[in-house]
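First comes the structure, then the notes that go with it.
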Amino acid sequence: MTSQRLLLTDEQRALIGAVRELARGKDFRAKSIKYLDGTYPADNLRELAKIGVLGMSIPEEYGGSDLRVFETALVLEEIAKNCYPTAMGVMSSLGVQTRVIATYAPQAMKREILPKVASGEIALAVCMTEPHAGTDVPNYKTNTVIKGDRAVVNGVKTLISKTREAEWFVVFSRINGTPGRDGIGCVLVNRNTPGFEVTAQYHTMGGENLGELRFDNVEVPVEQVVLREGGFKKLLSAFNTQRCLNPSISLGLAEAAFEEAIKYVRERTIRGQRVADFQGIQWKLAEMYRDIEAGRSLLYRAALTADPFPNPHEAAIAKTFVNEMAIRVANEALQVHGGYGFTDEYPISRIYRAVRYGTLGGGATEALKDLVGKWLVEEFDPVDGFLSQRTF
């Protein structure tokens, strides 16, 4: 869309162009149907690794390009336009799990893990949600007990991406049983560690597989406890990255839905007239385009606040709006396809299923609205108003 040219630098447009050229050359959108059964898009990820995409969040000394959250969001947006499962796979290399390791892990762990992530040799997974608690991080039960130079992890995590593919898991865990949010830290667990087990797998409507993990007296070197008690704020700061990358995928899906709608209504005729020429359809398209551009503005602004992690309230506002916007746009795009939109012969049905993920992952919409609402009640300046809240 042409409005990007008002904001993006030549380097950023070149980056997006390289990803777009690869996605089109390898026909990501057409091939995406084969991933609906949960097949991991390893072939696409290998191609993206060759052009440096998987190392974008990794410092140069570990084989990456150390780009900002903004650039990684732009790339995810472009990938999601072409293939949702691939975008979800890429997010594991660009998201919170990688940035936690790059920011907080000991040098030895960084040297061992990050170059392999950048090259596409291994994948990472972040483990937050538990069977009884999703967004309610302070009530997590997974616990890591430090015993001298070792640490022992026990607990269950669920609805975790890449449980079959990831080599390393970034596990949000209570440390030494310390209660409440002050007890939350983070430990790295390799999938080959005794006591680690994938105990269940769930196939999602978007095509991705999610799994359940059990940590049964999983013993690791104490160096793999990258954040101890008091790490809650640092972890949530890092997680704000996810609250920009998740809606980047939603934005890309909304754009894909819009593009499919435009193509269909231009080609489809009723009583000798293009569907695109009906005023009702044109109004739908205008509203869809308006909403996409509004969401883009909120998301880009939030991503640009990252230093190194995004402003939590800007990210929450952007995420809630873009996630919900994408659902509306995909729904309208399917509607203009008529009955054909309900079949898998047209990409819009896959986009419609995929877009539903956004409001659930990376912090549920209701929890983020609660976060923003409480902040406004306590912090909003009624004298200087909106000007006092501007981040830039």
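Extension gain, ASP370 to ARG290: 0.36 nm times the residue separation minus the Cα-Cα distance gives 26.2 nm. With springs only between Cα atoms under 10 Å apart, run a GNM on the chain and tell me which of GLN279, GLN242, GLN107 wobbles the most. The residue that fluctuates most here is GLN279.
Here the dipole of region 270-346 is about 180 debye; that uses its Cα centre as origin and unit charges on the Cβ of Lys and Arg (positive) and Asp and Glu (negative). Sparsely packed loop sites in region 302-388 (the chymotrypsin sites (Phe, Trp or Tyr not before Pro) outside DSSP H, G, I, E and B with at most 15 other Cβ atoms within 10 Å) comprise PHE380.
Close amide H partners of GLY231, meaning residues 5 or more places away or on another chain with modelled amide H under 5 Å apart, are ILE184.
Computed over every Cα-Cα pair of region 2-119 and binned at 5 Å starting from 0, the pair-distance distribution P(r) comes out as 2, 11, 23, 22, 18, 13, 7, 3, 0 percent. Contact order, relative form, for region 229-292: 25 percent (alpha carbon pairs under 8 Å, 6 or more residues apart, mean separation divided by residue count). Sparse packing (at most 10 other Cβ atoms within 10 Å of the Cβ) combined with a DSSP loop state is found for the following trypsin sites (Lys or Arg not before Pro) in region 231-290: ARG271.
Counting neighbouring beta carbons within 10 Å and listing from fewest to most, the residues MET88, MET205 come out as MET205, MET88. Close amide H contacts of ALA151 (hydrogens built in the peptide plane, cut-off under 5 Å, sequence separation of 5 or more or a different chain): VAL220, VAL222.
Across the chain, Cα pairs under 8 Å and at least six residues apart give a relative contact order of 15 percent.
Here the relative contact order of region 2-119, from alpha carbon pairs under 8 Å that lie six or more residues apart, stands at 30 percent. Share of pairwise Cα-Cα distances greater than 32 Å in the chain is 34 percent (whole percent). For region 124-229, the dipole from Cβ point charges (+1 on Lys and Arg, -1 on Asp and Glu) about the Cα centre works out to 100 debye, to the nearest 20. Beta bridges assigned by DSSP with both partners in region 48-179 are antiparallel in approximately 50 percent of cases.
Take GLU345 and ASN331, extend 7 Å from each Cα along the Cα→Cβ direction, and tell me the distance between the two endpoints in nm. With each label placed 7 Å out from Cα toward Cβ, I get 2.6 nm.
In order along region 146-152, the phi-based Karplus estimate (6.51 cos²θ - 1.76 cosθ + 1.60, θ = phi - 60°) of 3J(HN,Hα) comes to 8, 10, x, 8, 10, 9, 10 Hz; Gly and Pro are listed as x. The ellipsoid that matches the Cα gyration tensor of region 124-229 has semi-axes, each √(5λ) in whole angstrom, of 22, 16, 10, with the longest given first.
A cut-off of 5 Å between modelled amide H atoms, ignoring neighbours fewer than 5 places along the same chain, links PHE278 with no other residue. Restricting region 89-183 to chymotrypsin sites (Phe, Trp or Tyr not before Pro) that sit in a DSSP loop and have at most 14 other Cβ atoms within 10 Å of their own Cβ leaves nothing. About the centre of its Cα atoms, the chain shows a dipole size close to 520 debye [charges on the beta carbon of Lys, Arg (+1) and Asp, Glu (-1) only; nearest 20 debye]. Here the Karplus relation 6.51 cos²θ - 1.76 cosθ + 1.60, evaluated at θ = phi - 60°, turns the backbone of region 42-48 into coupling constants of 4, 5, 5, 5, 4, 5, 5 Hz, with x for every Gly and Pro. Ordering SER297, LEU213, ALA200 by Cα displacement along the dipole of region 193-298 toward the positive end leaves SER297 in first place; charges were set at the Cβ atoms of Lys, Arg (+1) and Asp, Glu (-1). Note on GLU229/ILE262: beta-carbon distance plugged into 1/(1 + (r/R0)^6) with R0 of 51 Å gives a FRET efficiency of 0.45. Take the cross-link list LYS31/LYS284; LYS31/LYS141; LYS34/LYS234; LYS34/LYS116; LYS162/LYS319; LYS34/LYS319 and give me the ones stretching past 32 Å between alpha-carbons. Going by Cα-Cα distance, LYS31/LYS141; LYS34/LYS234 fall outside the 32 Å limit. Across the options ALA238, MET325, GLY64, the greatest Cα extent toward the positive end of the charge dipole of the chain (unit charges at beta carbon of Lys, Arg, Asp, Glu) belongs to MET325.
Please arrange SER92, SER349 by how many other C-beta atoms lie within 10 Å of their C-beta, fewest to most. Result, fewest neighbours first: SER349, SER92.
Taken together, the values in this text are just the output of simple stated rules run on the coordinates, not laboratory data. No experiment lies behind these values; they were computed from the predicted model shown. No Cβ is skipped: glycine too gets one built from the backbone with ideal geometry, and neighbour counts run over all protein chains shown.
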